[in-house]
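K.L.:
If you scroll down you'll find the structure; I have some questions about it.
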Amino acid sequence: MLKYLEGSHGVSQVVAMCRPNVISAYPITPQTHIVEDLARLVGEGELEAEFINVESEFSAASVVLGASAAGARAYTTTTSQGLLLMNEVIYCIAGMRLPIVLTCANRAISAPLNIWNDHQDSMTVRDAGWIQLHAEDNQEAADLHMQAFKIAEQTFLPVMVCMDGFILTHAFEPVDIPEQKEVDAFLPPFKPQNIVDPRWPRGIGLYADPRFYMEVRYILHRALEKSEKVIKQVSAEFAKAFGRESGGLLKTYKIEDADLVIITMGSVAGTIKDLIDQLEDEGKKVGLLQICSYRPFPRKEVYRVLKDKTNLLVIEKSISLGRGGILGSDVRWSFPRTEKKDRKISCFVSGLGGRNISISDLRYAVARVEKEPVELEFLGLNPEIIAKRDM
Amino acid sequence: MITASSEDLYRVEKKDLFASGHRACGGCGQALAARLVADAAGENTIACVATGCLEIFSSPYPDPNWRIPFLHSLFENVSAVASGVEAAYKALKKGPVNIIAQGGDGSTADIGFQSISGMFERGHNVLYICYDNEAYMNTGVQRSSFTPLGAKTTTTPMGNTTRKKNLPLIAADHGIPYVATATVDDFRDLQRKVKTALLINGPKYLHILAPCPLGWGHTGDLTVQICRLAKATGLFPVFEIINGKVTNVVKIQEKKPVEEYLKLQGRFKHLFKKGAPLKEVAAIQEIANQNIERFNL
């Protein structure tokens, strides 16, 4: 049923319909509305689950780790500093192959303290062995959670659903909330494999010496690569069951005969599509490639879609300080080194700490790269602030 | 509250659920304690273990020596992991099962202090066992907040200058229903405490003094004797705190001066080197005297 509600509430309602057995979370802006809603649903008996209020994000991740290892469908949510505090457990959850689902309400990282949106938090754990799916809007954010549990439980990989903090979590939009029976039909009950249970004593989390460690990590890497197929398949099943496209590896917009392709993730795709429509009216052919699955990074799909395109513009909300754009690096790596094509890949770091990315900012970026490629530029910097500080 | 007879509480069948074949040093107090704990808890038990000596000597892939389910995640989160296991059992309506979280003094009192406090405060039905060997032994004998006054470690080469953190009393002040201390020389007392704790619903804390021959600088055959002297000097009080009241204090039969305990261990050798004992020995004796008075040992 179509409901006009806040992004966080769309997510919490769908998460509740996924029937998690154990939820544990620690409050942090802008994730709070998701946990508050779930706590209420558990408290009022609408959702039969254990809700564990913990003393830190570190323990929230550890509680869901223990719960998942004991056979529960487990869920947590955090953002920013909370995700960084979880970092050690995040790696451990993936290494232990526990199919936990986490919502990351994407937010900037201190210092300076900043509660607003960018992608630096989830980027920081991109190498941990989690699947990372980025939502464009509140409908997709809600839908991706249904898919996330299904993908996680088929691959025994944890899934992080990334949704832009405030821009999505606190925005009101119409969201189609499914019926419980539809969710149950789409998402079967969790069938755990290796669990701690006295009936079948086994060790989980044994340590691996140099004879075994590399193989375990290789198998995990392969599992991530192989999960591409599952992500596509679950997205297709979702489309069939609910009649709308959501998730998958990537999405394109007006890309077929585009001279310039913008590549991005998350909610800014909406603004970019508006710009593309405007430019089309002005006679310019610009297209969009939107990465939904950032990990695994769909390198082959990206190449397939972009192989004939020579002018690419990456708009991303994170940076590897001292190196440059992160998504930009992933895109550059998607093309074979043997390729002889003269391809220009430009990278604009934008929207850090909640800085608005306006249509005119994007227009400027497009105009720049139409002239010449841009190795790296911060979009929309205020030169007055920099002049005082940049020694 | 505890309905079992005292005879039942002392009856433990030797099943070797923590089996031979582990890689602990000879005379390791922690390995001995872990075996006693596993047998007292029985088959219907899940052992959650923090990173540390116990985890390293008992859980190499592919041949761990546990015969009960074993779960290891990280150094500082075993209390939260055990909380999650308990929550899963509740949510899935499984059980009853004994859930035991175990760690050394570092993972319990230092890096895992926040996590254990959270587990106590939330009231999870978990027994936490701290194997106290008074330093970070797994990494090569570095100081922890349980390292006693005067003890030499690799990071306190001149001797530790602070007193040991008193975690049993901190645990009790969380209002949890059961707190106890034990030593590895007294099998019956230790195993009775495990069995007693597991009959109580809620968070329980059992603090076991577990000598480390390597870190303490004594031969493996002295583990038991050192435990007895730790009690006879008053340096390690053995007691139970049930619902906030101190009960079952193990009384000292024949009080010994702390020198007898200290002189057996290399980590305290420097206190006696220059002929007369250093002033720290008097300070350590004062700690023992305070314990004797406080717990009426």
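K.L.:
Can you give the accessible area of B:Glu259, probe radius 1.4 Å, in Å² rounded to 10?
P.N.:
Taking all protein chains as shown, B:Glu259 has close to 60 Å².
K.L.:
Just from its helices, what would the mean residue ellipticity at 222 nm be for the protein assembly as shown, if runs of 4 or more DSSP H residues each count -39500 (n - 2.57) and the sum is divided by every residue, rounded to the nearest 500 deg cm²/dmol?
P.N.:
Numbers: 24 runs with 264 residues, N = 688.
After summing the helix terms and dividing by residue count, I get -11500 deg cm²/dmol.
K.L.:
Still on this model: Summing both sides, how much accessible area is buried between A and B? Use a 1.4 Å probe and give Å² to the nearest 100.
P.N.:
It comes to approximately 2900 Å² buried between A and B.
K.L.:
Still on this structure, I have one more. Per residue, how big is the convex hull of the range A:33-114 when only Cα atoms are used? Give it in Å³. Provide the component values of the computation, followed by the final result.
P.N.:
Working: hull volume 7.7 nm³, N = 82.
Taking the convex hull of the Cα positions in the range A:33-114, it is 93 Å³ per residue.
K.L.:
Between A:Ile52 and residues 5 or more places away or on another chain, which pairs have amide H atoms under 5 Å apart, with H built 1.01 Å from N, and which residues are they?
P.N.:
So A:Ile52 has HN proximity to A:Ile23, A:Ser24, A:Ala25.
K.L.:
Sticking with this one: How many angstrom lie between the C-alpha centres of the range A:271-313 and the range A:168-232?
P.N.:
30 Å
K.L.:
Using a 1.4 angstrom probe on heavy atoms only, work out the carbon and sulfur share of the accessible area of the range A:250-389 in %.
P.N.:
49 percent
K.L.:
Turning to a different aspect of this structure: Quick one: what Rg and Dmax do you get for the range A:227-286 from the alpha carbons, in Å?
P.N.:
Cα-based Rg and Dmax for the range A:227-286 come out at 14.1, 41 Å.
K.L.:
Given charges of +1 on the Cβ of Lys and Arg and -1 on the Cβ of Asp and Glu, with all other atoms neutral, how large is the dipole of chain A about its Cα centre, in debye to the nearest 20?
P.N.:
For this selection, approximately 1500 debye.
K.L.:
Right, here's the next one. Take every DSSP beta bridge with both residues inside chain B and express the antiparallel ones as a percent of the total, to the nearest 5.
P.N.:
Here the share of antiparallel DSSP bridges comes out near 25 percent.
K.L.:
Any chance you could tell me what percent of the C-alpha pair distances in the range A:250-389 go past 23 Å?
P.N.:
30 percent
K.L.:
Same structure, new question: Calculate one ³J(HN,Hα) per residue across the range B:257-262 by plugging θ = phi - 60° into the Karplus curve 6.51 cos²θ - 1.76 cosθ + 1.60, and present them in order as whole Hz with x for glycine and proline.
P.N.:
Per residue, the Karplus-derived 3J(HN,Hα) values read x, 4, 3, 4, 6, 5 Hz.
K.L.:
Between Rg and the Kirkwood Rh of the protein assembly as shown, both from Cα atoms, what is the Rg to Rh ratio? Mind dumping the intermediate values first?
P.N.:
On the way: Rg = 29.1 Å, Rh = 27.5 Å.
So for the protein assembly as shown, dividing Rg by the Kirkwood Rh gives 1.06.
K.L.:
Indicate the helices, whole DSSP H runs only, in chain A that combine a mean Kyte-Doolittle hydropathy of 1.0 or more with a Cα extent along their long axis of 27 angstrom or more.
P.N.:
none
K.L.:
Another question about this same structure. Have a look at the range A:199-245 and report residues whose accessible surface goes down by 50 Å² or more when the remaining protein chains are included, against the chain on its own, probe 1.4 Å, ligands and DNA/RNA excluded.
P.N.:
Buried by the other chains: A:Leu206, A:Tyr207, A:Phe212.
K.L.:
Pull up all non-local amide H partners of B:Tyr205: gap of 5 or more, or a different chain, and H-to-H distance under 5 Å with H placed in the peptide plane.
P.N.:
Hits under the 5 Å cutoff: B:Tyr128, B:Tyr178, B:Val179, B:Ala180.
K.L.:
Using a 1.4 angstrom probe on the protein heavy atoms only, could you order A:Lys317, A:Lys307, B:Lys90 from most to least accessible area? Write out the running numbers ahead of the final one.
P.N.:
Values: A:Lys317 15, A:Lys307 80, B:Lys90 115 Å².
These residues rank, largest area first, as B:Lys90, A:Lys307, A:Lys317.
K.L.:
Quick one: pull the percent of accessible area on the range A:154-195 belonging to carbon and sulfur, 1.4 Å probe, ligands and nucleic acids left out.
P.N.:
C and S atoms contribute 57 percent here.
K.L.:
Here is a follow-up. Just the number please: accessible area per residue for the protein assembly as shown, 1.4 Å probe, all protein chains included, in Å².
P.N.:
Per-residue value: 41 Å².
K.L.:
Computing the accessible area with a 1.4 Å probe over protein heavy atoms, can you report the carbon and sulfur percentage for chain B? If you can, show how the numbers build up before the last one.
P.N.:
Numbers: 6100 of 11670 Å².
Ligands and nucleic acids excluded, carbon and sulfur reach 52 percent.
K.L.:
Here's something else I'd like to know. Keeping all protein chains in the complex and leaving out DNA, RNA and ligands, what accessible area do you get for B:Asp63 with a 1.4 Å probe, in Å² to the nearest 10?
P.N.:
Rounded to the nearest 10, the figure is 80 Å².
K.L.:
Beyond 21 Å, what percent of the Cα pairs of the range A:268-350 remain?
P.N.:
Distances greater than 21 Å cover 33 percent of the Cα pairs.
K.L.:
Oh, and also: Can you work out the FRET efficiency for the pair A:Thr310 and A:Lys3, with r the C-beta to C-beta distance and R0 = 41 Å, to the nearest 0.05? List each step's numbers first, then the result.
P.N.:
Details: r = 44 Å, r/R0 = 1.07.
Computed FRET efficiency for A:Thr310 and A:Lys3: 0.40.
K.L.:
For B:Ile46, enumerate residues with amide H under 5 Å from its amide H, sequence gap 5+ or separate chain, H modeled in the peptide plane.
P.N.:
Residues meeting the amide H criterion: B:Asn98, B:Ile99, B:Ile100.
K.L.:
With every protein chain left in place, what is the accessible area of A:Leu279 in Å² (1.4 Å probe, nearest 10)?
P.N.:
Its accessible surface works out to 0 Å², give or take rounding.
K.L.:
Between the alpha-carbon centers of the range A:343-391 and the range A:64-127, tell me the distance in whole angstrom.
P.N.:
Using only Cα atoms to place each centre, the spacing works out to 29 Å.
K.L.:
Just to make sure I understand: if all protein chains stay in place, what is the order of A:Thr264, B:Thr161, B:Thr155 by accessible area at 1.4 Å, largest first? Can you show the working numbers first?
P.N.:
Numbers: A:Thr264 0, B:Thr161 120, B:Thr155 85 Å².
Most to least solvent-accessible, the answer reads B:Thr161, B:Thr155, A:Thr264.
K.L.:
Another question, if that's okay. Once all Cα-Cα distances of the range B:6-295 are split into 5 Å bins that start at 0, what whole-number percent is in each one?
P.N.:
1, 6, 13, 17, 20, 17, 13, 8, 3, 2, 0, 0, 0
K.L.:
Further, regarding this structure: Principal axis extents for the range A:93-226, Cα atoms only, whole Å, descending order, please.
P.N.:
Extents along the principal axes, in whole Å: 50, 45, 28.
K.L.:
Find how much the distance from A:Asp184 to A:Ala239 grows on full extension, using 0.36 nm per residue of separation minus their present alpha carbon separation; answer in nm with one decimal.
P.N.:
Gain on extension, A:Asp184 to A:Ala239, equals 18.3 nm.
K.L.:
Shielding of A:67-78 by partners, i.e. mean partner chain Cβ atoms within 10 Å per residue?
P.N.:
Partner Cβ neighbours, averaged per residue: 5.
K.L.:
Let me ask another. With the calculation restricted to Cα positions, what are the radius of gyration and Dmax of the range A:335-391 in angstrom?
P.N.:
Reported Rg and Dmax, both Å: 14.6, 45.
K.L.:
Moving to a separate point now. Which residue, A:Tyr91, A:Asn114, B:Trp216, has the largest displacement toward the positive end of the dipole of the protein assembly as shown when charges sit on each Cβ (Lys, Arg +1; Asp, Glu -1)?
P.N.:
Going by the Cα projections, it comes out as B:Trp216.
K.L.:
Whole number please: convex hull volume per residue, Cα atoms of the range B:120-249, in Å³.
P.N.:
In the range B:120-249, the Cα hull volume divided by residue count equals 111 Å³.
K.L.:
Pairwise over distinct Cα atoms, reciprocal of the mean inverse distance: report the Kirkwood radius of chain A in Å, one decimal place.
P.N.:
After inverting the pairwise mean of 1/r, the radius is 21.5 Å.
The values are calculated or read from the model by the stated rules, or taken from the named source; none is laboratory data. Being a predicted model, the structure only gives us computed values, none of them experimental. Note that we place each Cβ from the backbone using ideal geometry, even for glycine, and neighbour counts take in every protein chain shown. For accessibility, only protein heavy atoms count, side chains too; no ligands or nucleic acids. Shrake-Rupley method; radii C 1.70, N 1.55, O 1.52, S 1.80 Å.
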